[in-house]
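Notes to accompany the following structure.
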Amino acid sequence: MTNKRMTNWTAGDDRMVEDAIRRGATRRDLMKMLMAGGVATMAGGTILGRATAAYASTPVSGGFIKVAGASSSTADTLDPAKASNSTDYSRICSIYNRLTFLDSSGAVQMELAKSVESSDAKTWTVSLKSGVTFHSGKSLTAQDVVYSLNRHLDEAVGSKVNSIAAQMESIRAVDDLTVTIDLASPNADLPIILALHHFMIVADGATDFTKPDGTGAFKVENFEPGVTSILVKNENYFKGNGVHLDGFEFFAIRDEPARVNALMSGDVQVASAVKPQSMRLIDSVDSIVALKNTAGNYTNMNMRLDMSPGDNAAFVEGMKYLINREQIEKSVMRGLAVVANDQPVSPASKYYNADLKPRDFDPERAKSLFEKAGVLGQSIPIVCSDAASSSVDMATVIQQAGSTIGMNLDVQRVPADGYWSNYWLKAPIHFGNINPRPTPDILFSLLYAKTAKWNESQFMNDKFDSMLIEARGLLDEEKRTEIYGEMQTMISNEAGTAIPVWLSGVDAMSSKVKGMQTNPLGGLMGYAFAEHIWLEQ
Amino acid sequence: MTAVTNFIARKSGYNINLVGLCSATVILFWAIVALIAPMITPYPVGEIVDWDYFGPSSSAFWLGSDYLGRDVLSRILMGARFTVGISLGAVTLACFIGVTLGMLAAVIGGLFDQVLSRFLDAFNSIPSKLFGLVVVAAVGSSVPVLILTLTAIYAPGSYRFARALAVNINTMDFVTVARARGEGTLYLIKEEILPNIIGPVLADFGLRFVFIVLLLSGLSFLGLGVLPPNADWGALVKENISGLPFAAPAVIYPSFAIASLTISVNMMIDNLPKKIRDRED
Amino acid sequence: MNTIILRLIAERLGVMLVTLVIVSFTVFAATQLLPGDVAQILLGQAATPEAVAGLREAMGLNEPAIPRYFNWLIGLTQGDFGLSYVTREPIADLIAGRLQNTLRLAAITTLISVPLALSLGILAALYQGTKFDRVVSTATVMIISVPEFMVATLAVLIFAVYLKWLPALSYANEVTSLWQLLKTFAMPVITLTFVIAAQMIRMSRAAVIETLNTPYCEMALLKGASRRRTVLIHALPNALGPIANAVALSLSYLLGGVIIVETIFNYPGIAKLMVDAVATRDLPLVQSCAMIFCFGYLMLIMLADIISILSNPRLRT
């Protein structure tokens, strides 16, 4: 019976239900609403169970759970600067704290900092909360913050956010609980930047991260890179509401069906990054719920504008019309995606330009553009890889559309091993995968500015660059929104990066696990789930 | 059916049994499918034709739809080209090279045997995944490269097994007699050794065929060989494995296809007419 | 033990040392051929030229690769496997626990699969052409025709998800009783037995049958010896060489080839360690793992060769 359901759920149903619950709708209202919307009762029941879960019961203490992540290797690290995937993020989020963090609505909240303030967006003063202690018993001081931030500027550390941290010209302690940060140029987003996972605060002078010392909700009892980690509750945690879980084990099961099976058999209580095709199985079991998070992660097709055939504007435009976004959303992602409009600022952002509509799927228009570019009939290679998630399936969809209009696209699947250093940014047409970033400024500086390290399509536009600098220092939100909106249009029309859909991440868990919510920094509550969730007895 | 086998037996002089004939028919069937696949696929192999996924068998989609909603029948038919073609090519090459060198090593012996054996042992202990990755990085990927890689991975094992068999035969009186007669190395391996080890060698061939069929899917995930939208049968099973809990046709039928081919090859080998299998008198 | 065996062992051990060095160098060279070095891979998407240069400097990777390899080799002669590039921990520590896990799984699988496979194979040869033979032959081919990841996933679905008899994951460090040990290892061992037993069954059957066709066995049969007696007394000793080789090749799979089983059952063994090491370009770790696989493989085939020689008196001269 469930076999005939076409998609598991659509983004529309989901938003509708979640919004309604926030507004205080009753269960009966919701059922009525879903029936009217044509959603089958069974599917509706599941959505309801899942969406109401977070708002229902009150936290209880105790319990130990096992959480299965999606990737792991001997390169696993507890050094925040080097953290590179969801597994690392999940561990460091429970061991350390940041100065600020983003809540489920994307608003900045203070964590270790009492306040982060500036009058000119250039010189920032960070005041720390008092009475925060590390696991070792040492008190948190400004010196720890200075040391932690300065680490990112030392190339020998190998920090992932070296390029973002580079704007911090000087970081110094004013007194025991105050730090001043001078930026090279004004940036109103600093409080959000400090919420990135890599900016976790470590103890002054820390170099050995196999036995880490943090202020976080959990202490490390055991850590074997590429195998497992066991974390136990920090009884002296500084946050008033305390930690609910006694502890948890975090390890990765890289094979997705195996991860789902381990959840189904009860060997783990939370399984992250569930594929769309597993949703039917998860839906069929009452004791398992799923949480969907559309944070702004995307897989995009990059056509380098400085290389043939991307140097021909008609070709690039044609390819954008050749993408059947609805098919990618419905068939490849099974509804676990939102159609996107070829620019990187997600609908969840307050700066999202809603007037910029996604391009229609229009093979005939693409055909005439290809004819104009003179590429029809040529064989054009497109590089994809399992390293960029879902890119192989997306490439196949585009290839198939091409074959209907006589466009010969040669899909080349290359090894995931070494993909980022060997093909990404290099091949004339290739796929990339970009993780959510909290601000348009980070996205644009990283991906579209002339000097951007990851300028995927070699998009060069002086006007764009000057707008970027102008908006960065603006404290006037209205003006800023306007500039960012225009920049999104420029990217969508002129850059060689085709962004078909926003990918949703799904984490599945036992229905006894409560308190999990969505977060703009990614799945598993922006990876900071451990201190928020509890286990119903 | 027995009438048919009797007929063939009378006409050809070969004594054929029913199992052997059925196996041969299945192999022939897949070989023909491999040749004419593009003409008989109901839908383009990469096109998403069903909004449902892991769909059941229906009149529109005889073998259901896969994880994206593509037609499983079309994908299996096209997959036959790669699974049958590449696997047969690779296993034939690997066994030919392995068995020939194995017999040569046994008959010639001495330093030749020592050096060759130690070299192939060393080669065999290099992990095949690493080997595959290096091949892609060094020469890129294409079907001939894939066949040669699979050959390189499986020839040393075939060599070792054939040599072990041949060494035993090489000590037999009839070989010593032939050698005393002054027969050349080529004559020895062709007339004296090969006929005496052909049974196990063929059994080994059949098994190696199965292993290659299965390894093929692993290599295409390394980026070596069969490129999208096409896929070999092992890759079809792998990409649809999430359908296993529902016994989705998308995962069941490719498995059947693999089993039907590999079992047929092995059953045919087991049931080859005595006249071919056995050493001639 | 006669002198020829001792000489062979001495000779082989000598050759083995040379082979180990050659293999480690080949693997080192192969890894060099792959795109990206450890600094680039660790930084992943953040591998900007400056960041890579800084990290390389800090990791001491600016020294050319070849001298680094020889330094590692010299360290090895003193029993020092060196430090992992990635974790900065001694490689001996990284490998020790994983190797133990792998050997434990391999040992249990061997204990179950080898006796099972050889008795089935020899019995099938003994009763060649009977229904028993046909069932065994067909079943073995059917079993290996199913991809390993499907056997493993199906086993998990049936025994862990639906019946809930066995755990879906096989931890090596949680075993406290024999019963628990059996439960934890049941599914990986069954899966691996499926994979390797078939080859041993078919090869031992074929080798015994082939030996039965040799003149002296035919002679024995003509003289009126029973088929059973001929198989056990005359054919089996002569088929031992090829059988030992088939067993050695199958067992060598249990060292480096168990990656699928390790992945699906989340079993921290050495195959996954090697895959990680290749993926992160952790050269000393790759070389060390390769040497361990190579050593295991060479030991197995040396044993097979010794059995061949001992079982065929004519080879002993």
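FYI, it's all coordinate maths here, none of it is from the lab. Just so we're clear, the structure is a prediction, and the values are computed from it rather than from any experiment. Here Cβ is always computed from backbone atoms with ideal geometry, including for glycine, and neighbour counts include all displayed protein chains.
So what is the relative contact order for chain A, in percent, with contacts set as C-alpha pairs under 8 Å and at least six apart? It rounds to 21 percent for chain A. 3J(HN,Hα) couplings calculated from phi for the stretch A:439-448 with the Karplus curve 6.51 cos²θ - 1.76 cosθ + 1.60 (θ = phi - 60°) are, in sequence order, 10, x, 4, 5, 4, 5, 5, 7, 10, 10 Hz; Gly and Pro show x. If a/c stays under 1.5 just call it rounded; otherwise compare a/b with b/c (prolate if a/b is bigger, oblate if not). Do that for the stretch C:172-316, with a ≥ b ≥ c from the square roots of the Cα gyration tensor eigenvalues. It is prolate, given that a/c is not under 1.5 and a/b is the larger ratio.
Between the stretch B:159-174 and the stretch C:244-303, what is the separation of their alpha carbon centroids in Å? Result: 29 Å between the Cα centres. Could you work out the Rg to Rh ratio of the stretch B:97-177, with Rh taken as the Kirkwood radius (inverse of the mean 1/r over all Cα pairs)? Result for the stretch B:97-177 is an Rg/Rh of 1.11. Taking 0.36 nm per residue of separation and subtracting the Cα-Cα distance, full extension of the segment from A:Lys114 to A:Ser368 would add 85.6 nm. Excluding same-chain neighbours fewer than eight residues apart, the lysines reachable from A:Lys463 by a Cα-Cα span under 18 Å are A:Lys450, A:Lys479. Modelled this way, with points 7 Å down the Cα-to-C-beta line, the labels at C:Trp179 and C:Phe132 are 3.6 nm from one another. Plugging the Kirkwood radius over Cα pairs into Stokes-Einstein for chain A, at a temperature of 37 °C and a viscosity of 0.692 mPa s, what D comes out in µm²/s? In µm²/s, the coefficient rounds to 134.
Calculated on the alpha-carbon coordinates, the convex hull of the stretch B:44-258 measures out at 133 cubic angstrom per residue.
Annotation: peptides A:377-384, A:227-234, ranked by per-residue average of other Cβ atoms within 10 Å with the highest first, follow the order A:227-234, A:377-384. With r as the distance between the Cβ atoms of B:Thr100 and C:Ile74 and R0 = 41 Å, compute the FRET efficiency 1/(1 + (r/R0)^6) and round to 0.05. FRET efficiency, C:Ile74 to B:Thr100: 0.50. Bin all alpha-carbon pair distances of the protein assembly as shown at 10 Å intervals from 0 and give each bin's fraction as a whole percent. The percentages, shortest bin first, are 2, 9, 17, 22, 20, 14, 8, 5, 2, 1, 0. Pairwise Cα separations in the stretch A:424-469 fall into 5 Å bins from 0 onward with the following percentages, short to long: 5, 22, 29, 24, 14, 6.
Report the normalised scattering of the stretch A:391-455 as log10 I(q)/I(0) at q = 0.12, 0.14, 0.26 Å⁻¹, calculated by the Debye formula with identical scatterers on the alpha carbons. Values returned for q = 0.12, 0.14, 0.26 Å⁻¹ are -0.43, -0.57, -1.10.
Fewest-first ordering of C:Arg56, A:Arg151 by other beta carbons within 10 Å of each residue's beta carbon gives C:Arg56, A:Arg151.
With the simple model of a label 7 Å out from the Cα in the direction of the Cβ, B:Val143 to A:Lys239 spans 5.8 nm. Note on the stretch A:168-221 and the stretch A:482-520: Cα centroid distance 26 Å, given to the nearest whole angstrom. Given R0 = 22 Å, the distance between the Cβ atoms of A:Thr58 and A:Val285 translates into a calculated FRET efficiency of 0.30. Between the stretch C:108-154 and the stretch A:319-363, the C-alpha centres lie 52 angstrom from each other.
Straight-distance candidates among the lysines for linking to A:Lys219, with alpha-carbon spacing under 16 Å and chain neighbours fewer than 8 residues away dropped: A:Lys66, A:Lys138, A:Lys211, A:Lys233, A:Lys239.
Per residue of A:238-246, other chain Cβ atoms within 10 Å of the residue Cβ number 0 on average. Inter-chain neighbour count for C:186-199: the average number of beta-carbon atoms from partner chains within 10 Å of each residue's beta-carbon is 1.
Entry for the stretch A:294-503 at q = 0.10, 0.11, 0.14, 0.15 Å⁻¹: log10 I(q)/I(0) = -0.40, -0.48, -0.79, -0.91, Debye formula applied to identical alpha-carbon scatterers, no solvent contribution.
Counting Cβ atoms of other protein chains within 10 Å of each residue's Cβ and taking the mean over peptide C:279-285 gives 3.
Cβ-to-Cβ counts within 10 Å put A:Asp286, A:Asp465, B:Asp71 in ascending order as A:Asp286, A:Asp465, B:Asp71, the fewest first.
By the count of neighbouring beta-carbon atoms within 10 Å, fewest first, C:Lys131, A:Lys138 end up ordered C:Lys131, A:Lys138.
Is chain C best put as rounded, prolate or oblate by its Cα gyration tensor, with a ≥ b ≥ c the root eigenvalues, rounded for a/c under 1.5, and otherwise prolate when a/b is larger than b/c, oblate when not? Oblate shape, in that a/c is at least 1.5 and b/c is the bigger or equal ratio. Apply the a/c threshold of 1.5 to the C-alpha gyration tensor of the stretch B:9-139 and tell me whether it is rounded, prolate or oblate. Note, shape of the stretch B:9-139 comes out oblate. Of all lysines in the structure, the ones whose alpha carbon falls short of 24 Å from that of C:Lys223, not counting any fewer than 8 places away in one chain, are B:Lys274.
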